[in-house]
Amino acid sequence: MPGDQAKPRIYVKVKPERLGALIGQEGSVKTEIMRKTGTVLTVDSENSMIIIEPEADVVPPINLMKAAEIVKAISLGFPPEKALRLLDDDQILVVVDLKQVVGDSPNHLRRIKGRIIGEGGRARRTLEEMTGTYIHVGEHEVAIIGDYERAMAAKQAVEMLAEGRMHSTVYRHLERLLREIKRRERLKMWSPEEI
């Protein structure tokens, strides 16, 4: 029929071992994502792919993109409850590919991941607490969920650790960045825009 348009579709490749987490017990996670975004998620387990389509014509395209980001976050290793934080308008997903920083050497990757995670997970936890973000260290990537400025600050800290900077140097740098972010937020709160 003339005027009929094909429904927009987004395809997201998912790590096969993360399909179960994405679907959830009796489809609970998949159903929650669909309900909250107004989308239909079709699982192509043979190709380890998720196909995202709008449930109806009135569903805004941003909802498809949000569903795709949530699927990516779960595929990267985040538990669904943390990935669903991406539903908030101010939250983004940032991924640092460690191979681009240190190359393909498994020994280098293992060492760098160890620096980012820290003893008993302490360095990762410190970065999360300082920036108010969620950080997941995967096979060769570090994924970050948070508001734009804090996620970018966490990304910068992860890259500095990957480049070999000392933890104390990275934390001091992060404190300076976060002071500036908080100062801007305070100024924004008191700006005369609403008057």
### Residue pairs, from the table Lys7/Lys113; Lys15/Lys188; Lys13/Lys82; Lys82/Lys188; Lys7/Lys188, whose Cα atoms sit over 30 Å apart
Lys7/Lys113; Lys15/Lys188; Lys7/Lys188
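Could you please report the charge total around Ser105, scoring K, R as +1 and D, E as -1 over all other residues with beta-carbon less than 11 angstrom from its beta-carbon? It would help to have the intermediate numbers written out before the result.
Details: positive: Lys99, Arg110, Arg111; negative: Asp104.
Charge balance near Ser105 sits at +2.
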## Note on the structure
Note, Arg124: beta-carbon cut-off 13 Å, +1 each Lys/Arg, -1 each Asp/Glu, net +1
### Task
Kindly state, to the nearest 0.05, the FRET efficiency for Arg9 paired with Gln156, given R0 = 35 Å and r defined as their beta-carbon distance.
0.55
### Query
Who wins for biggest fluctuation among Asp97, Asp89, Asp147 in a Gaussian network model of the chain, springs between alpha carbons below 10 Å?
Asp89
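Express in nm, to one decimal, how much length is gained between Glu46 and Glu81 on full extension, taking 0.36 nm for each residue of separation and deducting their alpha carbon distance. It would help to have the intermediate numbers written out before the result.
On the way: separation 35, 0.36 × 35 = 12.60 nm, distance 2.58 nm.
Result for the pair: 10.0 nm of gain on full extension.
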### Query
Counting Lys +1, Arg +1, Asp -1, Glu -1, what net charge surrounds Ile51 among other residues with beta carbon under 15 Å of its beta carbon?
+1
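Note down the relative contact order for region 79-192 as a percent, whole number, built from C-alpha pairs under 8 angstrom at least six residues apart. Please list the in-between numbers first.
On the way: 135 pairs, mean separation 32.4, N = 114.
Taking the mean separation of contacting Cα pairs over the length of region 79-192, I get 28 percent.
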### Task
With percent of Cα pairs over 26 Å apart in mind, check (1) 34; (2) 49; (3) 43 and report the label derived from this structure.
(3)
### Query
With springs only between Cα atoms under 10 Å, which of Pro16, Pro54, Pro80 fluctuates most in a Gaussian network model of the chain?
Pro16
### Area projected by the alpha carbon convex hull of region 10-84, averaged over all directions, nm²
4.3 nm²
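What full-extension length gain, to one decimal in nm, is calculated for Asp90 and Glu129 as 0.36 nm per residue of separation minus the Cα-Cα distance? Before the final figure, lay out the partial values.
Numbers: separation 39, 0.36 × 39 = 14.04 nm, distance 1.81 nm.
Gain in length upon complete extension: 12.2 nm.
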#### Entry: Computed P(r) (all Cα pairs; region 91-189; 5 Å bins; percent)
2, 14, 26, 25, 18, 8, 4, 2, 1, 0
### Query
If a helix is a whole DSSP H run, which ones in the chain reach 18 Å or further along their own axis (Cα) and hold a mean Kyte-Doolittle hydropathy of at least -1.0?
61-75, 148-162
### Message
Using only DSSP helix segments of four residues or longer, with each worth -39500 (n - 2.57), what per-residue ellipticity at 222 nm results for the chain after dividing by its residue count and rounding to 500?
### Response
-15500 deg cm²/dmol
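Any read-out appearing in this document is the output of simple, stated calculations on the displayed coordinates, not a laboratory observation. Everything numeric here is computed off the predicted structure, so don't read it as measured data. Every residue, glycine as well, gets a Cβ built from its backbone with ideal geometry; the counts of neighbours run over all protein chains shown.
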